[in-house]
1. At most 15 other Cβ atoms within 10 Å and a DSSP loop assignment: could you name the chymotrypsin sites (Phe, Trp or Tyr not before Pro) in region 142-224 that fit?
2. Using only alpha-carbon positions, what ratio does the radius of gyration of region 99-224 give when scaled by 2.2 N^0.38 Å?
3. Need one value: the accessible area of Val21 in square angstrom, 1.4 angstrom probe, rounded to the nearest 10.
4. Calculate what fraction, in whole %, of the accessible area of region 61-202 sits on carbon and sulfur atoms when a 1.4 Å probe is rolled over the protein chains.
5. Based solely on C-alpha atoms, express the radius of gyration and the Dmax of region 45-159 in angstrom.
6. Given a 1.4 Å probe, how much area per residue of the chain is accessible, in Å²?
7. Count neighbours as other Cβ atoms within 10 Å of each site's Cβ, and list the GluC sites (Glu not before Pro) in region 88-156 that are DSSP loop with at most 14 such neighbours.
8. When every alpha-carbon pair in the chain is counted, what percent end up more than 32 Å apart?
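The values are calculated or read from the model by the stated rules, or taken from the named source; none is laboratory data. Computed from a predicted model, the values in this text were never measured in an experiment. No Cβ is skipped: glycine too gets one built from the backbone with ideal geometry, and neighbour counts run over all protein chains shown. Surface areas here come from the heavy atoms of the whole protein model, side chains and all, with no ligands, DNA or RNA. Shrake-Rupley method; radii C 1.70, N 1.55, O 1.52, S 1.80 Å.
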Amino acid sequence: MASVEGARAIGWEPAPTPGWVSPHLEAEFPGLSLAWVEVDGARMRRSPEPVRRRLRDLSDRLFGAEAIRLRGRPIPWAYRVFYRQIGLDPDRDRTPVEQLVLDRLQHGGFRSRGLPADALTIATIETGVALRAFDADRLEGPLGIRDSAPGESLPGDDGELSWGTLVITDDFGAVARLFGEGGEQHSVGPGTRRIAVAAIEVAGVPQIASEEALWIVASELSQP
């Protein structure tokens, strides 16, 4: 885990900010929670060599039988269980870590896609935790989790969300599906100068794992 001094040195406080969850979702899905950090100065760019090297190292560590065994580990399995609870088939709609592993097997390695994508890949593979990144300056107020309202859509996207879709939201409205596509308006783009990274916790995902995932992302985003 990060030290207090190290965390402050890269531009965020050591304790991630807890998000809120609507009361009926808290009751229906005990353990569902959200936490996030903001990394000042973080932007979309080509990944520096230390980040690309870490991706190559992960590719060398994760292959064949090891990749197949990953889904049975406690944190990846917790997301599979949660997917089924919300009506998703994790063998069709892959959990974030399983989708990354599948991509690695198909491509023969983790392909660098620049920052922040590479930082999210590294943290998700290392910890199993599901992560999202947003342009922090486009968010309004604290982040939370609720289900979508009738007729609601993601800003900048065409089409309405299915009623009851679980979404990440700020004070203004939904910014992304809990899992899957995010709204274009809040995504990280060329003009981003501050990135908010959110960790999604479900039952069976310890808080220390999400904190470690957020620390990894913030560290990689802050590479010179």
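1. For chymotrypsin sites (Phe, Trp or Tyr not before Pro) across region 142-224 that sit outside H, G, I, E and B with at most 15 neighbouring Cβ atoms in 10 Å, the list reads Trp163, Phe172.
2. 1.08
3. Rounded to the nearest 10, the figure is 20 Å².
4. Its accessible area is 48 percent carbon and sulfur atoms.
5. Just the Cα atoms of region 45-159 yield Rg and Dmax of 16.3, 46 Å.
6. 48
7. For GluC sites (Glu not before Pro) across region 88-156 that sit outside H, G, I, E and B with at most 14 neighbouring Cβ atoms in 10 Å, the list reads Glu140.
8. Taking all Cα-Cα pairs of the chain, the fraction more than 32 Å apart is 14 percent.
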